[in-house]
Amino acid sequence: MTEAAGPAIDPMHQFTVRPLFGDGAIHWYTPTNATLWMGIAVLAIIALMVLGTRRRSIVPSHTQSVAELAYGFVYQMVKDVAGAEGVKYFPYIMTIFTFIVFTNFLGLIPMSFSVTSQIAVTVVLALLVFFSVTLIGFYKHGIKFLGLFWVAQAPLALRPILAVIEVISYFVRPVSHSIRLAGNVMAGHAVIEVFASFAASVLIAPVAMIGIVAMFGMDVLVAFIQAYVFTILTCVYLKDALHPSH
């Protein structure tokens, strides 16, 4: 005699990439829910940063104020971390920050799709940063860029060992850079889904609703903090490329 099965809890179904039209196989050219929400994020960025500041004035509108706040926040971050020489790369870093923060917040909308929960997306972002700063380092310093891995302050006998450790940690950067973002975004959404699955029970529903509200508030913070962390790490890596001897 079999027992009745309880409600199935599958918090990971929300991260499935699906085609927008039909249920066929997904190819590189297939429009998917991920494609849709990345497109919406790009349009939202254009609406804020371009259309929202088109009629700039001394007394800014609400949209202009938000755009200027974001611009100043990232600009100061780049200047403080990467130095004055890193400011020329500000447009690239600003693009990364706005894309991540918008996709993170759009992913909090019910029935939306969280693009940054996909490791494929965050890996591409991390690899773009990795290859960009590496190319900048070799372009500006040539073979001297390899001095980043040679710890001249350490005792001579330890320098080869430390060089191997530095090389490994350098190539691990895109892994940690991407997994940190995708893992934190995915974890928050999954926990909310678990709490929501218990909301159907009359006895547990009040506790589940409190948990949902609390986790949603936490996810709002995570959406911004993870965009900030990804961006400031990009600035740190850029600083290493610009000043490998520091």
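Taking 0.36 nm per residue of separation and subtracting the current Cα-Cα distance, fully stretching the chain between Ser197 and His243 would add 11.5 nm. Counting only the backbone N, which residues of the stretch 209-246 are under 18 Å from the spot 7 Å out from the Cα of Tyr170 toward its beta-carbon? Within reach of a label on Tyr170: 234-246. The chymotrypsin sites (Phe, Trp or Tyr not before Pro) of the stretch 22-68 meeting both criteria, a DSSP state outside H, G, I, E and B (loop) and at most 15 other C-beta atoms within 10 angstrom of the site's C-beta, are Trp28, Tyr29.
Can you find, among Ser117, Gly188, Ile46, the residue sitting farthest towards the positive end of the charge dipole of the chain, where Lys and Arg contribute +1 and Asp and Glu -1 at Cβ? Working it through, the farthest residue towards the positive pole turns out to be Ile46. Here is the size of the stretch 30-242 from its Cα atoms: Rg then Dmax, 20.7, 68 Å. Note on the stretch 30-242: with charges restricted to the Cβ of Lys and Arg (+1) and Asp and Glu (-1), its dipole about the Cα centre is near 560 debye. How high is the relative contact order of the chain, in percent, counting Cα pairs under 8 Å that sit 6 or more residues apart? It rounds to 25 percent for the chain. Taking label points 7 Å from Cα along the Cα-to-Cβ direction, Ile179 and Leu221 give a separation of 2.5 nm. Full extension of the chain between Ile204 and Leu156 yields a length gain of 11.0 nm, computed as 0.36 nm times the residue separation minus the alpha carbon distance. Here is the result for the stretch 118-219: no chymotrypsin sites (Phe, Trp or Tyr not before Pro) lie in DSSP coil with at most 10 other C-beta atoms within 10 angstrom of their C-beta. If you plug the beta carbon distance of Phe21 and Ala190 into 1/(1 + (r/R0)^6) with R0 = 35 Å, you get a FRET efficiency near 0.80. Applying the Karplus relation 6.51 cos²θ - 1.76 cosθ + 1.60 with θ = phi - 60° to the stretch 185-194 yields 3J(HN,Hα) values of 5, 5, 4, x, 5, 5, 5, 4, 5, 5 Hz, where x marks Gly and Pro. Per-residue Karplus couplings for the stretch 164-174, computed as 6.51 cos²θ - 1.76 cosθ + 1.60 with θ equal to phi - 60°, are listed in order as 4, 5, 5, 5, 4, 5, 5, 7, 7, 3, x Hz, Gly and Pro entered as x.
Taking amide H as placed 1.01 Å from N in the peptide plane, Thr32 has its amide H under 5 Å from the amide H of Leu20, each at least 5 places away in sequence or on another chain.
Arranged from fewest to most other beta-carbon atoms within 10 Å of their beta carbon, Leu125, Leu20 become Leu20, Leu125.
Laboratory data are not the source of any read-out in this text; all were calculated from the coordinates shown. Remember, it's a predicted structure, so these values are computed and weren't measured experimentally. Don't worry about glycine lacking a Cβ; one is built from the backbone with ideal geometry, like all the others, and counts go over all protein chains shown.
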